[in-house]
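The values are calculated or read from the model by the stated rules, or taken from the named source; none is laboratory data. These figures come from a predicted structure and were not determined experimentally. Reconstructed Cβ throughout: ideal geometry from the backbone, glycine too, with neighbour counts over all protein chains shown.
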Amino acid sequence: MAKKKVIPQNLPANAEVIKFEMLEKLINSSFIEMKEFSKKKPDDPLNKFKVTSINRILEPIKKLLENEPTSSFLDLLDEDTIPSYSDSILIISQFQSAMRQFKNTFHGRTSKYGDDRWFTQENPGTHYNPEDEL
Amino acid sequence: MDNLIRPRLNDYHNLPFTQEEVDFGIPLLNEDIPLYVDPFLLWKSPSMQDNSLHTAITNSFNHLGYLFLNKKEKESIESLILTSECQEVGLGDSKNRIGKKIGEKTAIEILNLFKNVPQINKAGFTHFEEIQLLVDNISKDRTSDIACSFIKSFLIDYTEEQCETHNIPMDKISIQNIYNYKLNKFKSERVFLPTNPLNNSPILFVPKRWLRFLPWINYEDYFKEYVSKYVTDPARIPNRVALLNFNRQNYDLLQNYTKLKERKATDCKNDPLFKPIPIISADRKLKEVLALPSGNINKSDKKYEDLICQLMASLLYPQLDFADTQSRTDSGVLIRDLIFYNNRSYDFLKDIYDQFNSKQIVFELKNVKEIEREHINQINRYLANQFGNFGIIFTRNKPPKNIYKNTLDLWSGQRKCVLILTDEELKLMVRLFKGNQRLPIDVIKMKYVEFTRDCPS
């Protein structure tokens, strides 16, 4: 008897997926830039503008991932504690990993020869599992 | 108020502005600001208003000479004596804001210049500061006071305008010896001006752009840059009185010097009330601090205090204006503090003002290997009155956990906040000062935020 497919809980909405993809691009480019700064002066502090603009990206990501198990590890940059470039790299990379985890959960192919796609509330789905065909 | 260290007018009235933000030198209530009005700055200023004021000063001064030459000696001497002190502006080095006028003898000596020096007799002065180079016992404070006395009427208007802009309270008060430019007479008037709460005397503000430590034309410069270049034989270098005599008889040489100074006018800049140390010097001082041993061997404690004092005054400028250093003895130990005015110019400064009633911020300096409970108790005993319940200890190493906990307990028990800053924070502050990306005062804010987060809720 074929196993009953388990549909992942808390599927994102289509709108959230669009937002996620946009934020992914933003955070990736910020990461590249901050890494360059960090190579040069890892211990130098970020100015307030940089902290605020990075937090502007991190905040909606944190909101998107609030129901995920990774959410408790995600902290925004704290302007008051004068974070350095290397601190910011660490924080951004944690966000990136959490986003990868999110994508791995809700993005993939549903059949053997199908294309990768998002599993959303509007268009639910689960990862293709060869065992399901047995 | 009595407890404030070196109180300024705005501290007395609880007005939150810093020296950097206002156009005038903020007057101290019980001593003078050690700067002087340099009439040359008015002459060279691009502003037509300043130039006209310079003309008015020179004309008024020359008018005294005119009176002296035209059989009104008594009137001119009296007028000159009246102009020779203008204590309302509070400039100079008096420790009590009270100055003395010149005597009749000196006044006659000055006015005799109009009689004895042909060029002055004919055309009067263009830069009356030259009297420093012609008459003994006349120096920068006199020329500054004479200039202020002649434009006192303008200074009253200026002060009123600034008071209205910054909401400084004024009282209707009588002010003496206001020079009337039309009648060339002095009179008294009742006007609205801020008053000194210590003695109810009127206070006049002076624009910062007119202030210098030394006037552009001054005796030391004249001697060093001009005379000593012409007199090479050390045996023939004249003494001061001989040189002044020589100048009176050879005024054309002095005129050449003045012309030279006029040509260099672009180099003549006003002096700020506080000048932060340059970055390179901050770096050097930090290295010196880090190399100092803790304790008091070879007076390292004194050196530590001096270095931190210079560093802090600059690193925290312009958010915190430096007030003074103060020494006190507690349980037989000499303690040196740095004191800053809290002008609430930054969000967290406003916070500590509101929460801890801190009108002035005290930094206690401790060049010790490890901070002890007694050190916390010392600052705790000191936190009262103007300092409110907020203080900072500067020391060398991170405090042990039990001491840090002690400060937290102090907050729990008495709602007092004592921050402990170390060499690490000092390094960070200098790095921020150098990097120009964030303000060094953010380090204190960081410690404050950390402290408040650790406080039991």
Within the stretch B:345-382, the residues that are closer than 13 Å to residue B:335 by Cβ, without any contact (Cβ under 8 Å) to a residue 40 or more places away in the chain and not in a helix (DSSP H, G or I) are B:362, B:364, B:366
Please indicate, with yes or no, whether at least one residue in the stretch B:390-413 is touching a residue at least 60 places away in the same chain (Cβ under 8 Å) and either of a type in the set (Asp, Glu) or more than 29 Å from residue B:299 (Cα to Cα) (or both).
no
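For (1) farther than 23 Å from residue B:96 by Cβ; (2) in contact (Cβ under 8 Å) with a residue 40 or more places away in the chain; (3) loosely packed, with under 15 Cβ neighbours inside 10 Å, each residue gets a yes or a no:
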residue	(1), (2), (3)
B:127	yes, yes, no
B:143	no, yes, no
B:162	yes, yes, no
B:182	yes, no, yes
With the checklist (1) more than 14 Å from chain A (Cβ to nearest Cβ); (2) not in a helix (DSSP H, G or I) in hand, flag the one item residue B:408 doesn't pass.
(2)
Among the candidates A:37, A:102, A:20, residue that is in contact with a helix residue (DSSP H, G or I) (Cβ under 8 Å, 6 or more places away or on another chain), aromatic (Phe, Trp, Tyr) and within 14 Å of another protein chain (Cβ to nearest Cβ)
A:37
Of the conditions (1) within 14 Å of chain B (Cβ to nearest Cβ); (2) in contact (Cβ under 8 Å) with a residue 40 or more places away in the chain, the single one that residue A:52 does not satisfy is (2)
One residue is enough: does the stretch B:83-91 have a residue meeting the conditions farther than 25 Å from residue B:239 by Cα, among the β-branched types (Val, Ile, Thr), assigned to a helix (DSSP H, G or I) and in contact with a Lys or Arg (Cβ under 8 Å, 6 or more places away or on another chain)?
no
Failed condition for residue B:205, given (1) in a helix (DSSP H, G or I); (2) under 18 Å from residue B:32 (Cβ atoms), with all others met?
(1)
Top-ranked residue of the stretch B:279-297 - restricted to ones that are surrounded by fewer than 17 Cβ atoms within 10 Å (Cβ to Cβ) and either among the acidic types (Asp, Glu) or touching a residue at least 12 places away in the same chain (Cβ under 8 Å) (or both), ranked as nearest to residue B:423 (Cα to Cα)
B:290
Restricting the stretch B:415-457 to residues that are farther than 20 Å from residue B:356 by Cβ and outside any helix (DSSP H, G or I), the one farthest from the other protein chains (Cβ to nearest Cβ) turns out to be B:422
Matching residues, the stretch B:222-267, being closer than 30 Å to residue B:46 by Cα and not in a helix (DSSP H, G or I):
B:264
Candidates A:58, A:77 - the one that is buried (at least 16 other Cβ atoms within 10 Å of the Cβ) and not in a helix (DSSP H, G or I):
A:77
The condition of being within 14 Å of chain B (Cβ to nearest Cβ), of a type in the set (S, T, N, Q) and in contact (Cβ under 8 Å) with a residue 12 or more places away in the chain holds, among A:88, A:71, only for A:88
Cross-chain or 6+ apart pairs with Cβ under 7 Å, the stretch B:321-334 first and part of a strand (DSSP E or B), then among the hydroxyl-bearing types (Ser, Thr, Tyr) and at pLDDT 85 or above:
B:321/B:18; B:321/B:341; B:323/B:341
Output for the stretch B:68-79, where each listed residue is without any contact (Cβ under 8 Å) to a residue 60 or more places away in the chain and either part of a helix (DSSP H, G or I) or in contact with a Gly (Cβ under 8 Å, 6 or more places away or on another chain) (or both):
B:68, B:69, B:73, B:74, B:75, B:76, B:77, B:78
Counting only residues in the stretch B:219-246 that are touching a helix residue (DSSP H, G or I) at 6+ places or on another chain (Cβ under 6 Å) and touching a residue at least 60 places away in the same chain (Cβ under 8 Å), the one surrounded by the fewest Cβ atoms within 10 Å (Cβ to Cβ) is identified as B:219
Members of the stretch A:80-126 that are crowded, with 16+ Cβ neighbours inside 10 Å and part of a loop (DSSP other than H, G, I, E, B)
A:82, A:83, A:110, A:119, A:120, A:125
Note: among B:359, B:285, B:350, B:261, just one is under 21 Å from residue B:445 (Cβ atoms), among the basic types (Lys, Arg) and at pLDDT 90 or above, namely B:350
Hits in the stretch B:263-278 (condition: without any contact (Cβ under 8 Å) to a residue 40 or more places away in the chain and crowded, with 16+ Cβ neighbours inside 10 Å)
B:277
